[in-house]
């Protein structure tokens, strides 16, 4: 009888302790766990992504371009780079370009990410937006560099105008057809390539002393850059 | 009876004490450990680091630079230059419009790109402007590169930051590889783009803001519609290069 009474007296306290313990444990778990998504995000139609997909289907954008399923108003595309000047010495070299635009009407710049693998190691490459993917390349715009690591991988991220990049001489800007926008001022730059920033590096990496200098790097002296290393390789625009 | 009562009360006190200890243990286990301000990551004595030396880097060995360019004293190997922009087409309506451009190069030998910051004040409010690197600061501007946009706020202020090649920006047609021009580093391939300007990104907006329906469109914006941009709003106004 006494033991039953003792149990009845102490049980609320035990219950309280158990409840408190459980509550504290769940609070601690919630603090350390990643925030859970309360509701599944509603799939929204992205008109800009649909427009670009249609451009790929109709051949206005290259077939290598992937338009990602992003939420409006963002636009995200990806396309590969393939080896050109380094094809024989580095046949496994690959590159992936990701371009992100926040809002077509209000973005102040696009974000461009270039990832490469199996490239010549410890070399600086220049990145250009170009009129044509292959020789003679046409009008060009120097946008960034990428320096590979010891294992031939590398990455660079920069912010510039990409989706509507163009070259012009304002004295006679002319017009051209943009893959996405129609007729525009200037000459549209809708391809991307990578070049050896130094002819000497290229000659050493490719073991070819007959290589000639190119214009594909800024600064002194003229024609100190090497040949194209990677290209999107497409005739139709990639962005 | 008294003992029994005391025992009960003591039992409750012990339970409360245990509860406090339990709560204290739980609280301390979820609190991240704090570190002393004086300790170092390795646990040794604090390092009394000397402040790095500041120097004014050499900027431009190959050509003269505009007198408005200020090369900041900075820690090696960074190069930071600043220069103002002045109102162009907006001068009569927005005479107090001003802008400051800051261009930062982390390490001239290894940087992947430069950082360009454009800050504007007292500009036409709620307007979008395009930012270009140009061959010439005034008409006919010559070769141009579209680098970004800037949207002003209600009070006419605005800011944009870009990461791209600025100090050695150039325009070129690779079919004419023999074309060269003078850069800060000497002779270089292509046509150097060493000026900065802002343009109205829409001719309709420019006509409205400047109360001039006769304004002609310009090519200073990308995308559909030929000559759909407006006139130059801000210029570095220099004959000599600013970048």
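Take residue B:177 and decide whether it is in contact (Cβ under 8 Å) with a residue 40 or more places away in the chain, farther than 18 Å from residue A:166 by Cα and within 8 Å of chain A (Cβ to nearest Cβ). Against the criterion (in contact (Cβ under 8 Å) with a residue 40 or more places away in the chain, farther than 18 Å from residue A:166 by Cα and within 8 Å of chain A (Cβ to nearest Cβ)), residue B:177 does not qualify.
Checked across region A:190-199, the condition of being within 8 Å of chain B (Cβ to nearest Cβ) and not in a strand (DSSP E or B) holds for no residue. Scanning region B:204-230 for residues that are within 12 Å of another protein chain (Cβ to nearest Cβ) and either farther than 18 Å from residue B:86 by Cβ or surrounded by fewer than 21 Cβ atoms within 10 Å (Cβ to Cβ) (or both) gives B:217, B:218, B:219, B:221, B:222, B:223, B:224, B:225, B:226, B:227, B:228, B:229. If only residues of region B:107-125 that are surrounded by fewer than 22 Cβ atoms within 10 Å (Cβ to Cβ), in contact with a strand residue (DSSP E or B) (Cβ under 8 Å, 6 or more places away or on another chain) and in contact (Cβ under 8 Å) with a residue 24 or more places away in the chain are counted, the one that is nearest to residue B:58 (Cα to Cα) is B:108.
If you go through region B:87-103 one residue at a time, how many are over 17 Å from residue B:212 (Cβ atoms) and buried (at least 20 other Cβ atoms within 10 Å of the Cβ)? Matching residues across region B:87-103 total 3.
Can you confirm whether region A:198-208 contains a residue that is under 16 Å from the mean Cα position of the chain (by Cα), assigned by TED's automatic domain parsing to the domain that holds residue A:63 and closer than 18 Å to residue B:165 by Cβ? Checked region A:198-208: no residue is under 16 Å from the mean Cα position of the chain (by Cα), assigned by TED's automatic domain parsing to the domain that holds residue A:63 and closer than 18 Å to residue B:165 by Cβ.
Looking for something in contact with a strand residue (DSSP E or B) (Cβ under 6 Å, 6 or more places away or on another chain), under 23 Å from residue A:100 (Cα atoms) and not in a loop (DSSP other than H, G, I, E, B) - is there at least one such residue anywhere in region A:163-174? Looking through region A:163-174, at least one residue is in contact with a strand residue (DSSP E or B) (Cβ under 6 Å, 6 or more places away or on another chain), under 23 Å from residue A:100 (Cα atoms) and not in a loop (DSSP other than H, G, I, E, B). Checking the structure you have, find out if any residue of region B:183-195 is buried (at least 23 other Cβ atoms within 10 Å of the Cβ), farther than 21 Å from residue B:121 by Cα, facing chain A (nearest Cβ under 7 Å) and modelled with pLDDT under 95. Looking through region B:183-195, at least one residue is buried (at least 23 other Cβ atoms within 10 Å of the Cβ), farther than 21 Å from residue B:121 by Cα, facing chain A (nearest Cβ under 7 Å) and modelled with pLDDT under 95. Taken as a whole, the condition of being under 25 Å from the mean Cα position of the chain (by Cα) and modelled with pLDDT of 95 or more does not apply to residue B:223. Taking the criterion of being surrounded by fewer than 17 Cβ atoms within 10 Å (Cβ to Cβ) and part of a loop (DSSP other than H, G, I, E, B), the residues of region A:46-59 that qualify are A:58, A:59. Identify, please: which residue in region A:200-221 is within 11 Å of another protein chain (Cβ to nearest Cβ) and in contact with a helix residue (DSSP H, G or I) (Cβ under 7 Å, 6 or more places away or on another chain) and is, among those, nearest to residue A:128 (Cα to Cα)? It comes out as A:215.
The values are calculated or read from the model by the stated rules, or taken from the named source; none is laboratory data. These numbers come from a predicted model, not from an experiment. All Cβ positions, glycine included, derive from the backbone under ideal geometry; neighbour counts span all protein chains shown.
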